[in-house]
Each structure stands twice: as C-alpha cells, then as structure tokens.
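S.K.: Before I ask anything, let me first share the structure, which is written out below as structure tokens.
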C-alpha cells in the first residue's frame, strides 16, 4: 500500500478538529505528516509540531504561504484545517500550485466561491477531497448499500436530525464562548455551514437523489441572538423523495444527536451516531432486526476487514470513521497519480460542494422570505 506525504495547514492542538484529523490520517499508515503550519500563534504552532511530529525531517512553517511555496514537489497532498471562512483562499492557492488538496468541510461559504474553485479544478485537472466524516461509519455505509441493492424498494421518506446544545447550555456556570469565526453569519448562516452541510451530504450519500424544492424555517433561541441556531427544512428530492431535516445548536440535552431514519416500500431503518455500531431494520412483517459488524450472513459492507480493526462488540466510533475516510482518500490518490478515473462513492469533491451550497442557499432564501424555493432558481441566479 502506498503511503503519501501530507502537510497540514491549520489544525493546531487548540483547534476543534485538528487532533482527530491527525489520528485518522495516521491510522492505516496511508499518510505521513511531513510539514505543517498549524497555527498563527507561534507557541501553539511549535507545541503541535513537538507533540505530533518528532521525526527529524519534519518541516515546521510559521506562514502557510511559505509552506505552499517551499514544499512544491516534496508533498503529495495538502490538508486544510483552518476555519471555514478562510478555506477558499488557501484552497485556490494550493490548487494553483498543483497540490492535491484535502479540505475540512465546508469547502467555502458560498456557491459563488465554489464555482470559482471549480474553474481552477477544470483548468488544472487537480485533486480535491472534502471530508464528511459521518459517511465513514460502517453502518451508514451498510445502509447505503442496502438502499442501492434495492432492499428497501422505493425510498419515499428520509428524516435526519442533528441537534446540539452548544449555543444554549452553560459550561461550568458560564455561558458558552464559541470560536470568534463562528459568531458571524454569512448569506448562508454558520450553522448551515457547520451542521446543515452534513445533513444534506448524508441524504445525498444515501439516496443519490437531487434536491428540487425546499421550504425552511430558522430561529435564534440561544445566547447569541444575532446568530441563527436552529433550522427546520422540508425538502422535495427527485423520484418523489420527501426529506425532513432539522439541525440545531440550541437543543438542551444533545451533545450531538445525529439520527437518520429511512422509510421505503419494503423496509425502514434507523441509525443513531450515539450507538453507531447498530443499524435497526424494520420489515413489512413487523420484524425488528439489528445489523452490526458481526452480521456475517446479511451484511454487505460492514463486515469487510477494513471496517474491523478490532472485533465487533468493541465499538468503532468517530475517529475510526474519519480513518475510513482517509483510507478512501489514499485509494483515490493512487488512481489520480496513475491518471485513472476516480469513482469511489465515498469521496466528495467540488460537485458535492456545489450541490450542498446550492441547497443551503435555497434554505436561506426560503426562511428569509417565508416561501418555497425551487432549486433550479438558485442554479440559474
């Protein structure tokens, strides 16, 4: 198995997601961290390098532009883990220097920016993968496989919710203190860029259907009245698929209540991230079946060796899901480097970003104007 050299921009030890990316990228020995500019804070930058990168040939930079300029030809892929509003500029610079790029979701803050990134990709024929870690869970991949195999018959309804409490609960008696960049809404509010992009991506991942119309309501009920913190959506997708989405940062009692329910002609299913190892299946005959990684006779995906780093009964979780995703990226990079077509269902690039940002712009337009929005109108505007 080929190992790729990787450089991190952002993701220092004080960040929300950096350490997860570091562990996940190293988990299956597909990437080796060779360079980094982890933080604009010199001390944090140095501490991160000391903790993660004790090898003598690691190169630490204090300016990401210097890293991009100096590492051309040395690094196989750049991983961008800075706050979402900074992604576009760094992604464009890296692509223009012919780097392969991994970017933490969301790719950028607007559909317009995503289209500009696509223009660079079209001219450079480069590689871009955006990380949506939830699709790395084996049982969510199992659910997708069952839908694709026709086990459900026609899927007519998907309900997905992602409630969190970060903007409304107290921490040690004090109100929350979110990162500064999360305190500014764009045309697409930050909650949609944080959570809504996941819910839309999961629906797309499972159903392979296109969003056609949306009607949305939004609210601000937590501590920060200038920030949208609760969004409810009714959406019509192709092939008469109805989708209900709800994501929130003002739902007391939920650390991360991601739940997916799928309803078809023959089966329904429920998956909760808090219990990620089990997929509950309901049949027309009233049977309730639990699938997990040990379901050897009726599992299509979850029992594969790659998803069983340790035996079933010892739960695989969030970081392992991220590790699965990094392994998929490495497999796709092998194909990319050999000038072969990339057709992995688990890799999401610029077209996925454009779909998601189009959907989220429609959501914003809907709740601001209290009207139903045709997705086609967003594409043509």
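S.K.: So which of 327, 316 is touching a helix residue (DSSP H, G or I) at 6+ places or on another chain (Cβ under 9 Å) and modelled with pLDDT under 90?
M.R.: 316
S.K.: Moving on to the next point. Tally up the residues in segment 250-295 that are farther than 21 Å from residue 152 by Cβ and over 24 Å from the mean Cα position of the chain (by Cα), please.
M.R.: Residues that pass the stated criteria total 1.
S.K.: May I ask you to verify whether residue 38 is touching a helix residue (DSSP H, G or I) at 6+ places or on another chain (Cβ under 6 Å) and within 19 Å of residue 90 (Cβ to Cβ)?
M.R.: Yes.
S.K.: Follow-up question, since we're still on this one. Residues to consider are 139, 146; find the one that is under 22 Å from residue 331 (Cα atoms) and outside any loop (DSSP other than H, G, I, E, B).
M.R.: 139
S.K.: Then there's this: Among the listed residues 351, 300, identify the single one that is under 21 Å from residue 202 (Cβ atoms) and within 19 Å of the chain's Cα centre (by Cα).
M.R.: 351
S.K.: OK, next. Tell me, yes or no, whether segment 141-155 has at least one residue that is surrounded by fewer than 15 Cβ atoms within 10 Å (Cβ to Cβ), without any contact (Cβ under 8 Å) to a residue 24 or more places away in the chain and outside the structural domain of residue 101 (by TED's automatic domain parsing).
M.R.: yes
S.K.: Can you confirm whether segment 28-49 contains a residue that is part of a helix (DSSP H, G or I), under 30 Å from residue 354 (Cα atoms), touching a residue at least 24 places away in the same chain (Cβ under 8 Å) and touching a strand residue (DSSP E or B) at 6+ places or on another chain (Cβ under 9 Å)?
M.R.: No; the residues of segment 28-49 include none that is part of a helix (DSSP H, G or I), under 30 Å from residue 354 (Cα atoms), touching a residue at least 24 places away in the same chain (Cβ under 8 Å) and touching a strand residue (DSSP E or B) at 6+ places or on another chain (Cβ under 9 Å).
Residue-by-condition table, conditions (1) in the same structural domain as residue 278 (by TED's automatic domain parsing); (2) surrounded by fewer than 19 Cβ atoms within 10 Å (Cβ to Cβ); (3) in contact with a helix residue (DSSP H, G or I) (Cβ under 9 Å, 6 or more places away or on another chain); (4) under 24 Å from residue 27 (Cα atoms):
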residue: 322; (1), (2), (3), (4): no, no, yes, yes
residue: 339; (1), (2), (3), (4): no, yes, no, no
residue: 344; (1), (2), (3), (4): no, yes, yes, yes
residue: 374; (1), (2), (3), (4): no, yes, yes, no
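S.K.: What tally of residues in segment 14-36 results from selecting those that are farther than 17 Å from residue 333 by Cβ and either under 19 Å from the mean Cα position of the chain (by Cα) or modelled with pLDDT under 95 (or both)?
M.R.: Number of matching residues: 9.
S.K.: Can you pull out the residues in segment 50-76 that are surrounded by 16 or more Cβ atoms within 10 Å (Cβ to Cβ) and either within 18 Å of residue 104 (Cα to Cα) or touching a residue at least 60 places away in the same chain (Cβ under 8 Å) (or both)?
M.R.: Correct list: 64, 67, 68, 71, 75, 76.
S.K.: Turning to a different aspect of this structure: Tell me which of these residue 173 doesn't satisfy, since it passes every other one: (1) over 23 Å from residue 107 (Cα atoms); (2) surrounded by 14 or more Cβ atoms within 10 Å (Cβ to Cβ).
M.R.: The failed condition is (2).
The values are calculated or read from the model by the stated rules, or taken from the named source; none is laboratory data. Source: prediction; values computed, not measured. Here the Cβ is made from the backbone with ideal geometry for all residues, glycine too, and neighbour counts use every protein chain on show.
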